1. For Thr116, indicate whether it is out of contact with any Cys (no Cβ under 9 Å at 6 or more places or on another chain), modelled with pLDDT of 80 or more and either closer than 25 Å to Thr131 by Cα or assigned to a helix (DSSP H, G or I) (or both).
2. Between residues in region 114-132 that are more than 14 Å from Cys88 (Cα to Cα) and residues that are open to solvent by 80 Å² or more (accessible area, probe 1.4 Å) and β-branched (Val, Ile, Thr), which pairs lie under 6 Å by C-beta distance while being six or more apart or on different chains?
3. Kindly indicate whether Ile89 is open to solvent by 80 Å² or more (accessible area, probe 1.4 Å) and modelled with pLDDT under 80.
4. Looking at (1) at pLDDT 90 or above; (2) surrounded by 11 or more Cβ atoms within 10 Å (Cβ to Cβ), which is the one condition that is false for Arg100?
5. What number goes with the only condition from (1) within 27 Å of the chain's Cα centre (by Cα); (2) open to solvent by 80 Å² or more (accessible area, probe 1.4 Å); (3) modelled with pLDDT under 85; (4) within 30 Å of Val124 (Cβ to Cβ) that Gln57 does not pass?
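The values are calculated or read from the model by the stated rules, or taken from the named source; none is laboratory data. As the structure is a prediction and not an experimental result, all values here were calculated from the model. Here the Cβ positions follow ideal geometry from the backbone for every residue, glycine too, while neighbour counts run over all protein chains shown. The area values use the complete protein model at the heavy-atom level, side chains included, leaving out ligands, DNA and RNA. Shrake-Rupley method; radii C 1.70, N 1.55, O 1.52, S 1.80 Å.
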Amino acid sequence: MARGAPDPSMGGHLALKETTVNPDTYATLYGTRRPAPRRGGTGIAVMGGVLWALSLQLLGLLGFLELWAKADIGPTEGIPLRRWGLTCIGIAAVPIGLLRTPVVRRLSVPARVLVTGLAVCSIVLGLAIRTF
């Protein structure tokens, strides 16, 4: 029977010749998916680390200046840093809230570090500009 000719035993459907498929080709096309390894992200992680280091150093400097200003006033009862402590808790709440958003959860880990570092660094820089 010629290829493409109707086969009466199949109810008039076309009879197709069976072909063999190379097993390697079949495995490549229909096998389990193997994602390619990602090599990027190092620069993003370094930038995020630099932003976090900058913001934490600036926050430490501001805390030191706050202590120095309180010590320059004279003797006080304890260390009155209630306002400074609340400020630090507020700054710490920003990356925690940001990491809970679905958009940031979909990002890679280096991108998360960069996004949260950028947010915290901008808040601390704003606090430093307001202080000075």
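1. The answer is yes for Thr116.
2. none
3. no
4. Exception for Arg100: condition (2).
5. Failing condition for Gln57: (3).
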